[in-house]
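Following: one structure in structure tokens, then a few remarks.
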Amino acid sequence: MKDTLPPQLDQTRVRQSFRRGLNSYHGTASVQADIAAQLAGLLQAQGAPRRFGAVLEFGCGTGHLTRHLLQRFTAGSLLLNDLVPEAAQVLQALGSAAPAQSRFEGGPVETLPLPQQLDLIASASTVQWIPDLPALTARLAARLKPGGWLALSGFGRGQFRELAALGSSAAAPSYLDAGEWPSVLPQDLEILAIEQRPAVLEFDTALELLKHLRRTGVNGHAQQSWSRRRLQDFEGAYRQRFSSGGKLPLTYDPVLLVARKTG
């Protein structure tokens, strides 16, 4: 997998992109909101207990997954993490819905000091930004109790396929299809369920599509500036190749998985 990755990820650029989109993300990221609900439901459907002791959620953003987890499960303690420090506001927004023992830690999950003996580690729509997923999943597995649960969602290689076909360099570093995940996870994590569920949004204009990407922060690896002429050329090419019924489609390619630590 490493051979297909860019040499490095500019985390500062990604952080700035998500920080800029933080206030608009919750209402704009409809696909990510649906993914969070589906991931919590998949975890429940696989027989996860009604109550977890210690829970870690990384990449919590504005709390889409946090809310769905707390609606379906209870937790003795909750550690929330996000690359963007301002995401700490999610705890205030949750209020009494959050466990009494709840805290937020900002920064990259790869270097975050992690508690031991976690019962659940969860993350929605974040792992695609992790350049070395085998290293991260091994680190997470080491912090899970035997029998502990892992619930993740990322995106497959069809993510934003229209943009990729038009030459966009804004892709996150770790798009993986469902069939690739077994080779990424350490041997002591058993996959209980994995699903790939493409979803397509439609926009009237290229400008609307680009505003959607900006408001959700998912263009955090983009380095292109837009002149009026460049925007016109982009829309013309997009319409020529992908327009359907006058609309411009944008493909999301979510991959959801639930795993459990053996032994």
So which pairs qualify, if the first residue must be in the range 224-242 and surrounded by 14 or more Cβ atoms within 10 Å (Cβ to Cβ), the second must be modelled with pLDDT of 90 or more, the Cβ gap must be under 6 Å, and the two must be at least 6 apart or on different chains?
-> Phe234/Ala206; Glu235/Ala206; Ala237/Leu166; Tyr238/Ala206; Tyr238/Leu248; Phe242/Glu162; Phe242/Pro249
Working only within the range 113-170, note down all residues that are part of a loop (DSSP other than H, G, I, E, B) and of a type in the set (Lys, Arg).
-> Arg157
Out of (1) part of a helix (DSSP H, G or I); (2) closer than 16 Å to Leu39 by Cα; (3) of a type in the set (Asp, Glu), the odd one out for Glu195 is which?
-> (1)
Do we have any residue at all in the range 27-35 that's within 13 Å of the chain's Cα centre (by Cα), more than 18 Å from Arg139 (Cα to Cα), acidic (Asp, Glu) and open to solvent by 30 Å² or more (accessible area, probe 1.4 Å)?
-> yes
What pairs come up if the first residue lies in the range 101-113 and is in contact (Cβ under 8 Å) with a residue 60 or more places away in the chain, the second is of a type in the set (A, V, I, L, M, F, W, C) and part of a loop (DSSP other than H, G, I, E, B), and their beta carbons are under 7 Å apart, counting only those six or more places apart or on different chains?
-> Pro108/Leu83
What residue, among those in the range 64-96 that are of a type in the set (Gly, Ala, Ser) and at pLDDT 95 or above, is surrounded by the fewest Cβ atoms within 10 Å (Cβ to Cβ)?
-> Gly76
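The values are calculated or read from the model by the stated rules, or taken from the named source; none is laboratory data. Given the structure is predicted, the values throughout are model-derived calculations rather than measurements. In this analysis, Cβ positions are derived from the backbone assuming ideal geometry, glycine residues included, and neighbour counts consider all displayed protein chains. Accessible surface is based on the protein model in full, side chains and every heavy atom, while ligands, DNA and RNA are left aside. Shrake-Rupley method; radii C 1.70, N 1.55, O 1.52, S 1.80 Å.
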